[in-house]
Amino acid sequence: MRALNRKLLRDLVRMWPQALAIALVMAAGTATLILGVGSHGSLAETRAIYYERNRFADVFADVTRAPNLLAEEIAQIPGVAAVETRVSKIALLDIPGVAEPASAMFVSIPHLREQRLNLLHLRSGRLPIAGDEREVVVSEPFALAHKFEIGSSFEAILNGRKRSFRIVGTALSPEFIYALGPWDLMPDDRRFGIVWMSEPALAGAFDLVGAFSSVHVKLLHDASEQEVIDRLDQMLTRYGGLGAYGRRDQTSHAFLDAELQQLEAMSRVLPPIFLIVAAFLVNMTLSRLISLEREQIGLLKAIGYGSWAIGVHYLQFVSVIALVGAVIGAVVGTWLGVGLTRLYGDFFHFPFLVFRMDPGVYLIAAGVTVAASMLGALKAVRDVVGLPPAVAMTPPAPAQYRRLLPMLYSLLRPPQTFVMASRHLLRWPVRTLSSLLGIALSGAILVGSLWTFGAVEFMIDVTFHRADRQDATINFVRERPESALWNVMNLPGVLRAEPYRSIPVKIRSGNVERRVAITGKPANTDLSRVLDHTFVAVRMPETGVALSSALAKILKVRVGDLVEVELLERDRRRVDLPVTAIIEGYVGLMAYMDIVEANRLLREGSMISGAHIAIDSLRQDELFRVLKETPTASFIALQRVSLQKFRETIAENISIVVTIYVSLAIVIAFGVVYNFARISLSEQGREIASLRVLGFTRAEVSAILLSELAALTLLAQPLGWVLGYSLAALMVWAFESELYRMPLILEPYVYATGSLLVIAAAIISGLVVRRRIDQLDLIEVLKTRE
Amino acid sequence: MAEITFRTRNLTKTYISGAVEVHALRGVDFEAEAGEFLVILGPSGSGKSTFLNIVGGLDLPTSGEVWFQDRELSQMGERELTLYRRDHVGFVFQFYNLVPSLTARENVALVTDIARKPMRPEEALEIVGLAPRMDHFPAQLSGGEQQRVAIARAIAKRPEVLLCDEPTGALDSKTGILVLDALLKVNIEIGATTLVITHNVAIQEIAHRVIQFADGRIASTHEIADRKPATAIHW
């Protein structure tokens, strides 16, 4: 082995803690990119393949009742590749041993032919025998939640009549990846499931023999979705069509999309910033580290090594560190990425997972860190190689210092150690500022990932404690007169009840159109309330329509503007309504009206779609028992259970992702501060040893170095907060989908935690440096020049 | 009889350097009286620096005793040695070892801040003749001036002993003489026992006594009957 290579190895061994700290910073940067991009890529790919294999439909429409023959006509629409008609209805279930009322979407399986679209992925058992009225296949998550096995049975109220069913199989479907019950914010596999049964049996139960209530269409590749939707609407209107819609408005797809978008936002915002921060820090650290090699570089030149050979030597030195970092990062990133993909895969109940780890991402991640470290090294080497060897071998001339504000110093007479620290920091403003920025950035990535916990809590608070405060929502099978509210109030345990009216509409402004439900509410609600932008409950405007801020933003309207509302029920009129209020909320696109006004819009008397209720928790079980037997209710949403589900799923998923990012941010923060402290020690080691000889105690000399570290760490905090806030704002922006928005709320504790973690890293680094100071060889200082 | 500042008995120091044992000191018996000005001569590796480090409280002997006044340095712990250096010893190094970020006055204040009964930094700089340049940083001072700042820093605490390792080693003859003059002056004014290590034989003429080190032992000691002022020597 050549002597220079041996030097390389020995140097690495000698500096292993610092080299490892730098490698870990790089690893953290690399890992975040690989894990973020990898897990999102894998999930998006899995979904695409699942949709493809199981022929997930492109356009969907619900009707009251349309003859089966219409399917042929629909198939003739230009651009339509395949048509599937079916019966699908929501019904209340009665499951032995389950107190809360649960519901299921009953979906028909074609009679005596294969499914054409939304193919079931059978997980166990078999399909029902054609025409059998009792045999059903249920969705696998629902079966698992109830520990159902093949042969288990349950009851349900179909069209007002209680029936008993026997499970013969479990399945998954691309249509119900995200199985969300009406009025629920979160999938709850205990309380909402999918039940597939033979078409004649289900049609019979709902008086739909020879007819269908829902149609799904697969489009040709070059088809125009909008044209097909328009043609479908024309055909289905007279059969009570509620308006055809594309995947964007399909519940499961839309929510899945929002989730993937959030994951993507995290992978597109945080990892590149982590990577850049890591690269910057590595660049800065290695450049300082190599500046310390000045004498050795001079020596190498003196004995005849060329600048090129020396440059290569130090590039090799940093490449070893960079490669170790990149390899650790790639391994950890892949491992975390696969883990995260599995976690989300389980949550979505994908029947299979495709791991797609793009080699390009590895190249980018490793390339950026390696390049940054090499640039840092080259810069330092170039500075030294340019000097004549004789100059390089001697220590640099004593640095020129200036007395800043001598009056102030003589007035305050600060301790000389303070003067030393402050002058030292001011002497190299670029280095000081870059260290400051480095520490601030490590604080910023902590703040930028920690804030999401609080934001989710805030979202929960606004959604469940300030806006929708009801314990439960009862959704009627079909609209009922207002007097039905009295029946609800008379149910056992119901303390209060507020009616609502739900009107499916298309809302339009200019050329922007969205399919939403306008919810009619009484003017003075107390349970389900609407909030203004300061999150204060406001009175529902008596006229016009109130839009959620997200919807208003999409439609580009403000209070006072007109929006066109197209009814998807009754006479399908189009009316222009003034926007009379903008409402705050983080989930979904919402539109509200006064309930009297809503009924007037439909030209109906006082009708209600359901009721929000407050429940006496002591009589809850009794209420649930009665509700299960109530033929007029199709679905009962339990807000408390929703909240619990929300915490268990979204909050948990976000927590895991954020915890990973926070851990990596801690690695980066520690690596930076530790290296700063170590390099400062190397740079000032001689000075510090001299002071020890003069009789300064270990604590006193440590104080000089550590006060520099402390000053930088403290000064970096406010900058870190500002940068962290910007990072959070960037995430909110990337996070925003039509279904979810993240509130940009950073509670003081987020800043405090971020700072505490950075300060803790500084303290630990300080202790390590302190130990080094204790081990300084004093005699060496007297003997050597520098 | 004058008070004894230093006394060593059978002092040895052995370094283990890899597989090799280096016997830096092989039994040194030595005494120095209060206020004495001693010059220690000897070739490289003769053990003079090791000796100075041990009496200065920077290192511990392998065996033997070393006493400062009535205290045995060889029995002291790290903390006590630090306090010993802080309160009683002034060091002057070959390469000055000034703090570059502090002015001359502040470098001296560094020591007076922690000493028990120090003189004012200005006073110490006055003694070495640097009062006019006390607000200059090391980078703005010549080598000789920097060394005189180092001396001022060493004497500002009014030490009982002043230990100088090659104080003129990095200086030309003219500047070196100025530094030696300053050392003699403080030896008289504050009465510190002064030990000066040097390669430079010419310097011996300013001492009370000259100790010759060779091969880890004191080879010879002789008194200088006819002491000269610093200005009278040259090299």
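A few points about this structure:
- When only Cα pairs below 8 angstrom with a gap of at least 6 residues are kept, the range A:88-207 shows a relative contact order of 37 percent.
- Considering only B:E72, B:E166, B:E122, the mean-square fluctuation computed in a Gaussian network model of chain B, springs between alpha carbons under 10 angstrom, is largest for B:E72.
- Calculated on the Cα set of the range A:88-207, radius of gyration then Dmax: 13.0, 38 Å.
- Within the listed set B:V111, B:V161, B:V201, the residue fluctuating most in the Gaussian network model of chain B (springs between alpha-carbon atoms under 10 angstrom) is B:V201.
- Summed over all non-identical Cα pairs, the Kirkwood treatment of chain B gives a radius of 17.9 Å.
- Cut-off of 10 Å, at most 15 other beta carbons, DSSP loop: longest stretch of chain A lacking such chymotrypsin sites (Phe, Trp or Tyr not before Pro): A:1-351
- Distance between the range B:106-185 and the range A:68-110 - C-alpha centres, whole angstrom: 96 Å
- Of A:Q18, A:W308, A:N599, farthest towards positive along the dipole that unit charges on Lys, Arg, Asp, Glu beta carbons give the protein assembly as shown: A:W308
- Placed amide H near A:V87: partners under 5 Å, 5+ positions off or other chain: A:S108, A:S213
- Working note: Karplus 6.51/-1.76/1.60 with θ = phi - 60° gives the range B:120-131 the couplings 6, x, 4, 5, 4, 5, 4, 4, 8, x, 10, 3 Hz, where Gly and Pro are set to x.
- Across chain A, the mean sequence separation of Cα contacts (distance under 8 Å, 6 or more residues apart), normalised by length, yields a relative contact order of 19 percent.
- Relative counts (whole %) of C-alpha pair distances in the protein assembly as shown, using bins that are 20 Å wide: 11, 30, 22, 16, 14, 6, 0
- Under the Karplus curve 6.51 cos²θ - 1.76 cosθ + 1.60, θ = phi - 60°, whole-Hz ³J(HN,Hα) for the range A:495-502, x wherever Gly or Pro sits: 8, 8, 9, 10, x, 9, 10, 10
- 3J(HN,Hα) from dihedral phi, the range A:209-216, Karplus parametrisation 6.51/-1.76/1.60, rounded to Hz, x for glycine, proline: 5, x, 9, 9, 10, 7, 10, 10
- Beta bridges from DSSP with both residues in the range A:88-207: antiparallel share about 65 percent, rounded to the nearest 5.
- Basic side chains Lys and Arg get +1 at the Cβ, acidic Asp and Glu get -1 at the Cβ, and with that the dipole of the protein assembly as shown about its Cα centre reaches some 1120 debye.
- Amide H contacts under 5 Å for B:G216: B:G47, restricted to partners 5 or more places along the chain or on a different chain, H placed in the peptide plane at 1.01 Å from N.
- Debye, to nearest 20: dipole size of the range A:223-361, +1 on Lys, Arg Cβ, -1 on Asp, Glu Cβ: 480 debye
- Comparing A:V494, A:T525, A:A546 along the charge dipole axis of the range A:494-615, the residue lying farthest to the positive side is A:A546, per the Cβ-charge model.
- The magnitude of the dipole of the range A:494-615, with charges of +1 and -1 set on the Cβ of Lys/Arg and Asp/Glu and taken from the Cα centre, is near 280 debye.
- Note: relative contact order over chain B, using C-alpha pairs below 8 Å and six or more positions apart, is 26 percent.
- Summarising the amide proton neighbourhood of A:Y740: residues at separation of 5 or more, or on other chains, whose placed amide H is nearer than 5 Å comprise A:G588.
Every read-out reported here was derived from the displayed coordinates using simple, explicitly stated rules and does not represent laboratory data. Everything quoted here is computed from the prediction, not taken from an experiment. No Cβ is skipped: glycine too gets one built from the backbone with ideal geometry, and neighbour counts run over all protein chains shown.
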